[in-house]
Amino acid sequence: MSQPVLEAKTDARAITGIDHIELYVGNAYQAAHFYRNAFGFAVTAYAGLETGVRDRMSYVVEQGEVRLVLTSGLAPESPIAQHVHLHGDGVRDVAFTTADVHGAYARAVANGARSVAEPLAMEDARGVVTRATIGAFGDTIHTFIHRGEYQGTFAPGFRAVTDAPPPVPVGITGVDHVAVSIVESEFARWVDFYVEVMGFHESQHEMVFTTRSRMNSKVVEDGSGKVRFPIVAPSGGNGKSQIEEYLAFHRGCGTQHIAFGCDDICGAVLAVRERGVGFISVPDSYYEMLEARVGAVDPDRMARLGESRVLMDSDDWGVLLQTFTRPLQARPTMFVELIERQGARGFGGGNINALFEAVERDQAARGNL
Ligand code: FE2
């Protein structure tokens, strides 16, 4: 269901994409190792004691247009360490690229956003990076960042990492979307935040039903279409849905998954699985029911999907291929989605029911339903 676009109070065109996503983690050194070895990211920049940063260690890892910053605090009273203590490893900041940090920040705050950090010009011998930060859902923040003519590595305080072994990329090209888990009572508030404060618009709305749970889902996206947040909340839940499990273990609203776009998802999934990352299990019965849902599938494609256990969905615009890792930290919270779009604009809602039906069909075959 499309909603009429409300008059944007913040100029969403001021945002031109996701600059980076920062995760607060217990051990940034080992997290960088994980993203390099498991997903093929290049470790490109470092900040810490050796670069004059006294309170934290950060590694920047990159692949395609994706840039993750993995940060750990260096003391127990560090807000970074406390964030990890409360939430576990997870996303702290989804940072937006903008040419106008002051304007984007001022408009957001004027429209009701909580200020976290006023505009600040960070300068070193290589130039200036300007940033400002507002609060969003849970303990998540959005930083507006402008690099301008900055010639250094990532930002002042960082230095280039040149001695890491070269990564073996798996073909990740960019951040397709960032999915957000919200408690039921705050669902409308945070959808409104992206529309009213950020000037995004609602592009999709669906209720997702399975036999065991009900979820309310809306998608908000910026004017460029590059920043997309599916926002999901339980709806009259019984405490058993995946969203409720996330909210219980994360201790509130947060980023449920980051979806990385890729050009050859089947190859990417086989490579990532080979490196030891676990994915959701998809029963054979999912593929037996696939053509009844999405229409005829080329036999070669069907074989590739079956081999890599990748899911397929279709909408009015085309098809999408996707799958999901298991949670990537101790708590059953954040995970990664890999997605390949062939025209489709959806997020794979059809797969949720199809997966449940497939699992239940297998259960029934075992006489356990
Ligand atoms: Fe997703």
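The values are calculated or read from the model by the stated rules, or taken from the named source; none is laboratory data. A quick note: this is a predicted structure, and the numbers were derived from the prediction, not measured. We place every Cβ from the backbone using ideal geometry, glycine too, and count neighbours over all the protein chains shown. Quick note on the areas: whole protein, heavy atoms, side chains included, nothing else; ligands and nucleic acids left out. Shrake-Rupley method; radii C 1.70, N 1.55, O 1.52, S 1.80 Å.
Assorted remarks:
- Calculated mean residue ellipticity at 222 nm for the chain: -7000 deg cm²/dmol, from DSSP H runs with n ≥ 4 weighted as -39500 (n - 2.57), summed, divided by the residue count and rounded to 500.
- Accessible surface ranking that places the most exposed of R366, R67 first, with a 1.4 angstrom probe: R366, R67
- Global geometry of segment 241-305, whether rounded, prolate or oblate, following the gyration tensor of its Cα atoms and the 1.5 cut on a/c: prolate
- Prolate/oblate/rounded call for segment 187-280, Cα gyration tensor, a/c under 1.5 rounded: oblate
- Prolate/oblate/rounded label for the chain (Cα gyration tensor, a/c 1.5): prolate
- Summarising the amide proton neighbourhood of M198: residues at separation of 5 or more, or on other chains, whose placed amide H is nearer than 5 Å comprise an empty set.
- For W317, solvent-accessible area (1.4 Å; no DNA, RNA or ligand), Å²: 130 Å²
- Protein accessible area in the chain, 1.4 Å probe - carbon and sulfur %: 51 percent
- Computed lengthening from A125 to E274, 0.36 nm per intervening residue step minus Cα-Cα distance: 49.3 nm
- Segment 15-160: relative contact order as a whole-number percent, Cα under 8 Å and 6+ apart: 25 percent
- Dipole magnitude for the chain: about 580 debye, using +1 per Lys or Arg Cβ and -1 per Asp or Glu Cβ, origin at the Cα centre.
- Per-residue SASA entry for H142, accessible area with 1.4 Å probe, Å² rounded to 10: 0 Å²
- Applied to segment 320-335, the Karplus parametrisation 6.51 cos²θ - 1.76 cosθ + 1.60 on θ = phi - 60° returns per-residue 3J(HN,Hα) values of 9, 10, 7, 7, 10, 6, 6, x, 9, 8, 4, 7, x, 10, 6, 9 Hz, with x for Gly and Pro.
- Relative contact order [Cα under 8 Å, 6+ residues apart], the chain, whole percent: 16 percent
- At least 18 Å along the helix axis (C-alpha) and Kyte average at least -1.0, DSSP helices within the chain: 349-365
- Percent antiparallel among DSSP beta bridges (both partners in segment 15-160, rounded to 5): 85 percent
- Long-range HN-HN contacts of M122 with modeled amide H, under 5 Å: V129, T130, R131
- Ordering of 358-364, 50-56, 265-271 by packing [mean C-beta count within 10 Å, highest first]: 265-271, 358-364, 50-56
- Largest-first ordering by accessible area, 1.4 Å probe, given options H177, H85: H85, H177
- Amide H to amide H distances under 5 Å link V116 with T133, I134, G135, where only residues 5 or more positions off or on other chains count and H is placed in the peptide plane.
- On the beta carbon distance between D100 and A303, with R0 = 56 Å, the FRET formula returns roughly 0.65.
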